[in-house]
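*Asks:* Shown below is the structure under consideration.
The values are calculated or read from the model by the stated rules, or taken from the named source; none is laboratory data. Keep in mind the model is a prediction, meaning the values are calculated, not measured. Ideal geometry is used to build each Cβ from the backbone, glycine not excepted, and the neighbour counts take in all protein chains shown. In case anyone asks, the SASA skips ligands and DNA or RNA and just uses the protein heavy atoms, side chains included. Shrake-Rupley method; radii C 1.70, N 1.55, O 1.52, S 1.80 Å.
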Amino acid sequence: MTMDRLTRVPGLLYGGDWNPEQWPEQVWAEDVKLMAEAGVNLVTVGVFSWARLQPDEHDWDFGWLDRLLDLVHRHGIAVDLATATASPPAWLVRAHPGLLPVTADGVRLEFGSRQHYCPSSPAYRQAAVRLTRKLAERYRDHPALALWHIHNEYGDHVQECFCPASAADFRRWLRERHGTIEELNRSWGTAFWSQHYNSFAQIEPPRTAPGPVNPTQLLDWHRFCSDALLALHRAEKAVLDEVSPGIPVTTNFMSMLKALDYWEWSRHEDLVSDDAYPDPADPRAHVNAALNYDLMRSLKGGRPWLLMEQAPSAVSWRPVNVPKRPGLYRLWSLQALARGADGVLHFQWRASVAGAEKFHSAMLPHRGTAARGWQETVRLGTELRRLGEIAGSRLRGQVAVLLDWDSWWALELDDHPSARMRWLDLLRPWYAALYERGITVDFVPPTAEPDGYRLLLAPNLYLLDTATADRLTAYVRAGGRLVCGPFSGIADRHDHIHPGGHPGPLRELLGIVVDEHWPIPDGATTAVRLDGTELHAERWSEWIEPEGAEPIAHYGSGALTGLPAVTRHRLGAGSAWYLSCHLGADLGPVLDLPLADAGVSAELPGLPEGIEATRRHAADGTGYLFLLNHGPDEARVPLRTPGTDLLTGAATGDTLTLAPLGAAVLRLPAAEERP
Ligand code: GAL
């Protein structure tokens with residue numbers, strides 16, 4: 001089942017994690033009254049309630065949850081009911097100490113926090129599935145139930161476990177993947193350093209070893225760990241699908257998380273939801289937030305997603321937890337909607353008084369309804385009701401960025417020419433250059449047919465199979481524009497170097513060959529000359545030689561002086577660009593060339609600095625133009641078409657003035673809307 005939105009709750013979703021088990025029941029009455037006042041229509045309940053729901057192996061206590069669900073339903077609030085499996089209770093842990101996770105150094109992590117389970121532990125899985133079934137059987141017909149929330153943030157705290165159960169599961173997984181031990185030996189390249197295995201029984205997880213561990217073993221381990229957590233998720237999902245069909249299911253993702261291949265995971269979600277905690281102390285946090293939101297929208301091909309958790313103000317887990325200054329919470333909430341979310345939920349509804357998160361902000365702060373935060377909670381709820389009609393509308397990126405977890409994992413393995421080639425560090429400047437140019441981005445997996453996009457960007461494709469290279473070549477031949485970043489086309493899916501010179505299967509497409517990688521030492525830069533402009537490469541450069549491509553920019557300093565740094569290869573009806581260096585903050589002027597070549601321009605031309613503009617479309621063609629001012633100054637925004645600001649009800653002229661942190665959501669008539 002795939003749901004564009006939750007049919008049981010009209011309009012946009014607003015609410016948060018509610019942990020009523022931390023409070024006496026008298027407080028609940030006040031909670032629901034205040035929720036109604038704030039316009040809350042969806043609460044996430046039970047995320048950490050396992051010990052309360054099942055006080056002992058044969059002891060169940062659902063009475064409190066029955067009363068709670070009835071109470072919220074009487075107040076017109078729907079429930080996102082958690083399966084409560086993220087924090088196994090002490091009795092279960094003591095009965096099965098083997099379910100506690102073990103680190104690569106062999107340390108067994110203790111009970112007393114949360115997420116303390118081995119993903120491959122049969123005891124944990126059985127208990128989690130049992131609890132899920134109990135909850136599903138009891139609440140599947142409850143009228144408050146709108147969404148199932150499996151577990152919580154898979155991969156938070158514990159992403160891997162090195163215990164014997166994990167080792168056995170890893171061996172099973174390897175057998176399935178490789179079939180025979182001979183095949184595994186070939187794939188892992190075990191002729192190197194005498195690493196040959198006679199049987200699967202000899203294989204262990206990549207525990208702490210004296211020196212560098214076999215890279216393909218590590219790569220398979222990354223794949224296995226994502227799959228092991230996914231298997232847990234799927235076990236719970238299968239129960240919910242069987243017992244509670246018709247109710248959509250989600251689990252809260254953690255934005256751009258390395259540990260989990262969210263392309264694979266999102267296939268098993270009815271609705272993608274995300275937890276996002278941009279840092280108010282970071283003046284560029286909104287750019288990274290936009291990147292994460294674009295990913296969430298892309299995971300299900302542009303369908304609306306749900307911001308499952310954000311902080312109303314400060315978090316409690318950074319060394320210094322800066323609050324959101326007045327208006328920032330509203331602006332950042334609208335940003336999620338601007339990038340395709342159909343709701344904004346929080347951690348958490350009421351601030352805790354005990355436990356590790358008692359200093360975390362909440363929709364209802366410790367000070368109660370007199371607090372500034374509460375005023376902002378109520379204001380946002382009121383505004384979201386005004387925006388109700390945007391629910392279900394979609395936006396589509398103008399440009400696609402290729403994202404491949406396999407390649408991410410392989411890129412960041414040890415003993416490469418430079419340890420500074422980290423996927424997120426490589427990706428972010430590309431994304432920022434597009435963000436600053438007002439261009440909306442979709443992410444696509446390497447298996448996608450990118451035909452719908454005029455421009456495809458691949459900041460890095462270290463690991464690349466020939467099928468993907470063939471797809472990219474066909475895309476370019478048919479008229480597409482591809483821009484490929486450095487250190488790409490290096491290895492196959494076993495992390496073996498493609499023979500015959502880098503960039504392996506991309507060599508013909510890009511029309512270049514790499515003679516040698518030339519990493520740039522920390523703190524140093526290499527000049528790159530693009531027409532009259534001098535740019536600076538950092539981290540990475542390459543000695544490349546054209547084989548059909550034309551040089552567009554040259555190195556201007558150091559050992560590579562005079563050699564091409566950026567090339568373009570015309571192939572068929574399209575062209576393939578290669579960037580042999582990491583240009584960081586200087587990337588923009590280079591990307592301008594393929595952008596112009598592909599005819600891609602800003603959503604709304606002439607935007608003042610600091611203004612973010614995106615556009616959602618309803619099925620009937622009505623447009624919703626989001627304008628957000630992240631800058632420190634008031635800004636005058638030129639408008640192509642006048643519209644109505646849904647936040648104020650006012651009709652606009654041909655410009656709009658936005659205060660710092662100001663925002664507008666303009667409804668634009670269908671006929672006039674599309675450029
Ligand atoms: C999330 C988690 C929540 C809460 C929150 C605090 O990662 O899912 O349970 O801990 O962080 O910011």
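*Asks:* Do any GluC sites (Glu not before Pro) in region 26-90 lie in a DSSP loop with no more than 15 other beta carbon atoms within 10 Å, and if so, which?
*Replies:* Sparse-neighbourhood loop GluC sites (Glu not before Pro): 57.
*Asks:* Distance between the C-alpha centers of region 636-673 and region 150-196? Whole Å please.
*Replies:* With region 636-673 and region 150-196 each reduced to a Cα centre, they are spaced 54 Å.
*Asks:* Considering the dipole of the chain built from charges on the beta carbon (Lys and Arg +1, Asp and Glu -1) around the Cα centre, which of 43, 395, 482 is farthest to its positive end?
*Replies:* Value computed over the given set: 43.
*Asks:* Can you give me the accessible area per residue for region 557-637, using a 1.4 Å probe, in Å²?
*Replies:* For region 557-637, the solvent-accessible area averages 35 Å² per residue.
*Asks:* Another question about this same structure. Dipole magnitude of the chain about its Cα centre, charges +1 at Lys/Arg Cβ and -1 at Asp/Glu Cβ only, in debye to the nearest 20?
*Replies:* Charge dipole of the chain: 1240 debye, to the nearest 20.
*Asks:* Using Cα pairs under 8 angstrom and six or more residues apart, how large is the relative contact order of the chain, in percent?
*Replies:* Relative contact order comes out at 10 percent.
*Asks:* Compute the distribution of all C-alpha to C-alpha distances in region 276-397, in bins of 10 Å from 0, and list the percent of pairs in each, rounded to whole numbers.
*Replies:* 13, 43, 33, 10, 0
*Asks:* Considering only 461, 203, 89, whose Cα is most displaced toward the positive end of the charge dipole of the chain, charges sitting on Cβ of Lys, Arg (+1) and Asp, Glu (-1)?
*Replies:* Sorting the options by dipole projection puts first 89.
*Asks:* Just in region 294-395: which chymotrypsin sites (Phe, Trp or Tyr not before Pro) are loop by DSSP and have at most 13 other Cβ atoms within 10 Å?
*Replies:* Loop-located and lightly packed - 317, 359.
*Asks:* Then there is this: Suppose every Lys and Arg Cβ carries +1 and every Asp and Glu Cβ carries -1, with no other charges. What dipole size does region 1-118 come out with about its Cα centre, to the nearest 20 debye?
*Replies:* Taking the Cα centre of region 1-118 as origin, the dipole is about 240 debye.
*Asks:* Oh, and also: Rounded to a whole number, what % of the accessible area of the chain do carbon and sulfur atoms account for, probe 1.4 Å?
*Replies:* 51 percent
*Asks:* Can you pull out the cysteines in the chain that have no other Cys Cβ under 4.7 Å?
*Replies:* Within the chain, the cysteines lacking a partner Cβ under 4.7 Å are 163, 225, 484, 581.
*Asks:* If you place +1 on the Cβ of every Lys and Arg, -1 on the Cβ of every Asp and Glu, and leave all else neutral, what size is the dipole of region 477-525 about its Cα centre, to the nearest 20 Debye?
*Replies:* The dipole of region 477-525 has a size of about 340 debye.
*Asks:* For region 33-77, report the accessible area per residue in Å² (1.4 Å probe, heavy atoms, rounded to an integer).
*Replies:* For region 33-77, the per-residue accessible area is 40 Å².
*Asks:* If you count the DSSP beta bridges with both ends in the chain, what percent of them are antiparallel, to the nearest 5?
*Replies:* Bridges in the chain are about 55 percent antiparallel.
*Asks:* Kirkwood Rh and Cα-based Rg: tell me the resulting Rg over Rh for region 397-474, rounded to two decimals.
*Replies:* 0.98
*Asks:* Kindly report the accessible area of region 145-283 per residue (heavy atoms of protein chains, probe 1.4 Å, no ligands, DNA or RNA), in Å².
*Replies:* 36 Å²
*Asks:* Moving on to the next point. Given the DSSP H assignment, sum -39500 (n - 2.57) over each helix run of at least 4 residues in the chain and divide by its residue total; what's the result at 222 nm in deg cm²/dmol, nearest 500?
*Replies:* That comes out to -9000 deg cm²/dmol.
*Asks:* Taking a ≥ b ≥ c as the square roots of the eigenvalues of the Cα gyration tensor of the chain, is the shape rounded (a/c under 1.5), prolate (a/b larger than b/c) or oblate?
*Replies:* oblate
*Asks:* What's the long-distance tail for region 507-604, i.e. % of Cα pairs beyond 22 Å?
*Replies:* Pairs farther apart than 22 Å: 28 percent.
*Asks:* To two decimal places, what compactness ratio does region 348-422 give when its Cα radius of gyration is scaled by 2.2 N^0.38 Å?
*Replies:* 1.93
*Asks:* Also, quick follow-up: How much length, in nm to one decimal, is gained on full extension between residue 609 and residue 108, taken as 0.36 nm per residue of separation minus their Cα-Cα distance?
*Replies:* Computed gain between residue 609 and residue 108 is 175.3 nm.
*Asks:* Largest first, please: the extent of the C-alpha atoms of region 21-120 along each principal axis, to the nearest Å.
*Replies:* Over region 21-120, Cα extents along the principal axes are 51, 28, 21 Å.
*Asks:* Identify all aspartates and glutamates with a Cα-Cα distance to residue 33 below 15 Å; exclude those on the same chain that are fewer than 8 residues away in sequence.
*Replies:* 25, 70
*Asks:* Continuing with this model, one more query. From the alpha carbon gyration tensor of region 353-496, can you work out the equivalent ellipsoid semi-axes (sqrt of 5 times each eigenvalue) and give them in Å, largest to smallest?
*Replies:* In descending order the semi-axes read 41, 23, 12 Å.
*Asks:* Also, I was wondering about something else. Quick one: net charge around residue 64, please, counting Lys, Arg +1 and Asp, Glu -1 for every other residue with C-beta under 12 Å from its C-beta.
*Replies:* -3
*Asks:* So, counting K/R as plus one and D/E as minus one, what does the shell of residues with Cβ under 12 Å around residue 75 add up to?
*Replies:* -2
*Asks:* Among the GluC sites (Glu not before Pro) in region 559-621, which ones are in a DSSP loop with at most 16 other Cβ atoms within 10 Å of the Cβ? Mind listing them?
*Replies:* Those satisfying the criteria are 609.
*Asks:* Further question: Taking the Cβ of residue 602 as the centre, find all other residues whose Cβ is under 10 Å away and add up their charges (Lys, Arg: +1; Asp, Glu: -1).
*Replies:* -1
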